[in-house]
Amino acid sequence: MKPFDFLVLGSGIAGLSFALKVAPHGRVAIVTKKDRAESNTNYAQGGIAAVTSKEDSFELHVRDTLTAGAGLCNEKVVRTIIEEGPARIAELIELGMHFSEREIPRTKGARELDLGKEGGHSKRRILHAKDVTGREIERALLHAISHQPNIEIFENHFAIDLITSQKLGYGEANRCLGAYVLGKKSGQVETVAATVTLLATGGCGKVYLYTTNPDIATGDGVAMAYRAGAAVANMEFIQFHPTCLYHPKAKSFLISEAVRGEGGVLKSLEGVEFMDAAHPLKSLAPRDIVARAIDREMKQSGADCVLLDITHQPARFIIERFPNIYQTCLRYGIDITKEPIPVVPAAHYQCGGVVTNVDGETEIGGLYAVGEVACTGLHGANRLASNSLLEALVCAHRAARLVTADPPAPADFKIPAWQFGDAHNPDEMVVVSHNWDEIRHCLWDYVGIVRTNKRLQRAQKRIANLLEEIHDYYWNFIVTSDLLELRNIATAADLIVRSALLRPESRGLNYNLDYPAANPEWAQRDTVLRNPV
Ligand SMILES: Cc1cc2nc3c(=O)[nH]c(=O)nc-3n(C[C@H](O)[C@H](O)[C@H](O)COP(=O)(O)OP(=O)(O)OC[C@H]3O[C@@H](n4cnc5c(N)ncnc54)[C@H](O)[C@@H]3O)c2cc1C
């Protein structure tokens, strides 16, 4: 590959939004490990939270975000992202994004944006495209990108590691110079040099046995940044979505929070509503509270799932508002207009990540991170529903503005080609799949919704063994994308466990039975990990 001005790793909302904005200023490479639309973004259902109604205000959206974040948000960052949201939404509409609209009552056919409501939001403020918002965002952004001659997309290309000046042995200040990238079809490792590198690789849901995330979510960005020496914070805060479809044949299918927003009620298998005792907002309580209440209900009753019931709404409304959920459930033999939906909690969102400011700057010169991979301070100890797409949009814009207004000086370092060493073909891929399963089971069993120190320590020991084994395997064999993902989920798992052990309290999504309450001394304290390079 030739050198680029901008190297963008990932083609979700963060990577594509950034690429579009920097394209007029230089040559852009988007490297993405599957096909271009495959991303968490593509599966987002509920929508984007933004203040667009007269009934709503920035102040209320800020308050809801801070409440969900349980004392750990950075209020300045929260305000910036929320206040800049409406302008970014307007740009997305300008690009051709179609949000759902509704007729304004008592007018002759006038229309307005149809705003949804989700858990933890005090107002209707979720802009959505029916229940396929993410798919529509990817469509609109990829369409706009197809008209940009400065942008080249490299599909089926896997970023292995960041190239940094420190790793190459140049001086003190660490500077990112690009990345080594595996062409999955050619099997060749290419060197992609760039003045600016953006990590937009999303989250790490696949670290857990049950997740709403697609297969791409293996924590590659967090692992790469950590190996390169960047600070990673608050990885203990993994959000579990309370309602993933429970069906032996359904893989990671989310039942959007908007179903509860439109009146869906959680019940035990016996039909008893159990959220009344858990929170005043009942089924619409913040996600961590709902997920824990479901976990408790399942543990107490021994049931494999609970039920989400929206059958009291008219069938026409359900089919019109949730066409994707309706059709998908129907394929599994569940008619959601007539019967409740069996659901379980599943790992959904990584609130922590690579430490950045609101402009996406990391501690490493020339390296920026935006979207789920980054930890800006917006989410604190728990993400408010639908704030993540908003964060990605706003921070991608700010990062693009920063690197185009004040670009880092081009780096003049000689970059060596990737070293294969004495690697030979792996003949025991069973080791990779076995270790992969072991990590995901271990995290689910010991580092899930309810934690204890003993469980965390047990997980830490197992992950340390696995990391050692993977390290040997990685250096002895030719790299494959399976092996690279295994190495990355092991690193992400290790970061989650170590961060959870560092926090001696229960706060937001980190619930530890050994410290059942929040410790005021830990309010506003992040758990930060750095790999000494
Ligand atoms: C089922 C589901 C529903 C959701 N619903 C909502 C919602 O309604 N509202 C909301 O705000 N949020 C929602 N979220 C969360 C939200 O979708 C994500 O946080 C957001 O889309 C992340 O965007 P991103 O651009 O940071 O990453 P992603 O969209 O995940 O994109 C990451 C990209 O990086 C690529 N990549 C990863 N590793 C590598 C590598 N090593 N080399 C090359 N490429 C790589 C991937 O292939 C992908 O293209 C939902 C998430 C899921 C899973």
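The values are calculated or read from the model by the stated rules, or taken from the named source; none is laboratory data. Every value quoted in this text rests on a predicted model; they were computed, and no experiment measured them. In this analysis, Cβ positions are derived from the backbone assuming ideal geometry, glycine residues included, and neighbour counts consider all displayed protein chains. Surface areas here come from the heavy atoms of the whole protein model, side chains and all, with no ligands, DNA or RNA. Shrake-Rupley method; radii C 1.70, N 1.55, O 1.52, S 1.80 Å.
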Ratio to report: Rg/Rh of region 348-472, with Cα atoms as the point set and Rh obtained by the Kirkwood method; give two decimals. 1.07
Find out how many positive minus negative residues lie around E438, taking Lys and Arg as positive, Asp and Glu as negative, among other residues whose Cβ is under 11 Å from that of E438. -1
Proximal aspartates and glutamates to K338, defined as alpha-carbon separation beneath 13 angstrom and excluding residues fewer than eight positions away on the same chain: D309
K123: which lysines have alpha carbons under 18 Å from its alpha carbon, excluding same-chain residues fewer than 8 sequence positions away? K54, K282
Based only on Cα atoms, what mean projected area does the convex hull of region 63-106 have, in nm²? 4.9
Karplus 3J(HN,Hα) series, Hz, for region 218-225 with 6.51 cos²θ - 1.76 cosθ + 1.60 (x for Gly, Pro): 10, x, 4, x, 4, 5, 5, 5
Give the accessible surface of the chain per residue, rounded to a whole number of Å², with probe radius 1.4 Å and ligands, DNA and RNA excluded. 40
With every protein chain in place, what's the accessible area of F240 (1.4 Å probe, Å², nearest 10)? 10
Kirkwood-based Rg/Rh on the Cα set of region 218-348 evaluates to 1.05
Cα pair distances of region 1-157 binned at 10 Å [whole percent]: 10, 32, 32, 20, 5, 0
I need the fraction of alpha carbon pairs in the chain separated by more than 30 Å, rounded to a whole percent. 47
Can you list the lysines whose alpha carbon sits under 20 Å from that of K34, skipping same-chain ones fewer than 8 residues off? K184, K185, K206, K251
Could you check what % of the DSSP bridge pairs in the chain are antiparallel, to the nearest 5? 65
Stick to the Cα atoms of region 397-533, pair each with every other, and give me the Kirkwood hydrodynamic radius in Å at one decimal. 18.0
Carbon and sulfur atoms account, in whole percent of the 1.4 Å probe accessible area of region 159-280, for 53
Amide H within-cut-off set for A303, under 5 Å, with H built and near neighbours excluded: none
Distance check, please: which entries in K76/K267; K76/K414; K33/K249 exceed 30 angstrom between their Cα atoms? K76/K267; K76/K414
